[in-house]
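Any read-out appearing in this document is the output of simple, stated calculations on the displayed coordinates, not a laboratory observation. These figures come from a predicted structure and were not determined experimentally. Glycine gets a Cβ as well: all are built from the backbone with ideal geometry, and neighbour counts include every protein chain shown.
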Amino acid sequence: MRTSTNPAFNRSPAFAGEGSQTADPLEESFYGPSATSQHTGRMTVDDVVIKTGLLLAIAMATGGVTWALGLGGLAFPAAIVGLVLALVIIFKQVTNPGVIMAYAAVEGVFLGGISQFFNDRYPGIVVQAVVGTVAVTAGVLALYKSGRIRVTPKFTKMVVGATIGFFVLVMVNLVAGFFVDGGLGLRQGPLGILVGLFAIGLASLNLVLDFDMVEKGARQGLPTRYGWFAAFGIMVTLVWLYVEMLRLLSILRGSD
């Protein structure tokens, strides 16, 4: 059974537990709970948090430059390059920090471009989307860490099924858009608001699965280089969440 809908984690033999090893209890007792990847040579949750923060900082920097220089036209080419890099990272199981940071930089150009587009039409929407993304991420992390959201096989199956169904529907809507203006109308009016709320909720639940995969990877004693791969996986979900925030807010602002 799939344990995540995130293609980075889902296709990774390491995070699926194949060929991994459990951290040595004797080593853990020696280093204690404050052990870092530098001490053990293994991935830790704190290590993933730091690497994720670095990737987001790179994306914000390139996004800011794209916006400041008015290079919003680069959003589409950056999206294509970012997709290619993401597929290479996922299918080749790349853990090289240079490649993953390059992905973050390109993704920043994409996000900077679409953010500028939305903000030109709805001033202030980007700040709202960023605040919303941070709030949702912090909220689901708090719920996960407190144990109020537990990643059970039933929970995982539900999230995986809903996410696959959602993306199939999105693709159908995209194809329909080539023949009918607005496609199936999934991104317009009251229906668009409901779909947007559902998408944000789904992205949030996928973040929970990502958090769980990272914790499992740390417990399995994965090598420290997988911290970069885990950070990449989390960033993929965060980008999805941010884009869905922009879409929902644009529908709400457009209906004012």
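Would you say residue 192 is buried (at least 16 other Cβ atoms within 10 Å of the Cβ) and farther than 29 Å from residue 55 by Cα? Yes, satisfied. Restricting the search to helices (runs of 4 or more DSSP H) fully inside segment 57-146 and requiring at least 1 residues that are among the hydroxyl-bearing types (Ser, Thr, Tyr) and touching a Leu at 6+ places or on another chain (Cβ under 7 Å) gives 97-121, 125-146. Cβ-Cβ contacts under 8 Å between residues 6 or more apart (or on different chains), taken from a first residue in segment 111-133 that is not β-branched (Val, Ile, Thr) to a second residue that is not in a helix (DSSP H, G or I), are listed as 112/71; 113/71; 116/70. Selection over segment 87-114 of residues that are under 16 Å from residue 58 (Cα atoms) and either crowded, with 22+ Cβ neighbours inside 10 Å or touching a His at 6+ places or on another chain (Cβ under 6 Å) (or both) gives a count of 11.
Every residue, every condition in (1) crowded, with 17+ Cβ neighbours inside 10 Å; (2) more than 16 Å from the chain's Cα centre (by Cα), yes or no:
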residue: 146; (1), (2): no, yes
residue: 156; (1), (2): yes, yes
residue: 176; (1), (2): no, yes
residue: 182; (1), (2): no, yes
residue: 203; (1), (2): yes, no
residue: 216; (1), (2): yes, yes
residue: 235; (1), (2): yes, no
residue: 245; (1), (2): yes, no
residue: 251; (1), (2): yes, yes
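Of the residues making up segment 199-210, not a single one is in contact with a Gly (Cβ under 9 Å, 6 or more places away or on another chain) and more than 25 Å from residue 134 (Cα to Cα).
Residue 196 satisfies every condition listed in (1) over 30 Å from residue 42 (Cα atoms); (2) assigned to a helix (DSSP H, G or I); (3) out of contact with any Asp or Glu (no Cβ under 9 Å at 6 or more places or on another chain); (4) not β-branched (Val, Ile, Thr) except (3).
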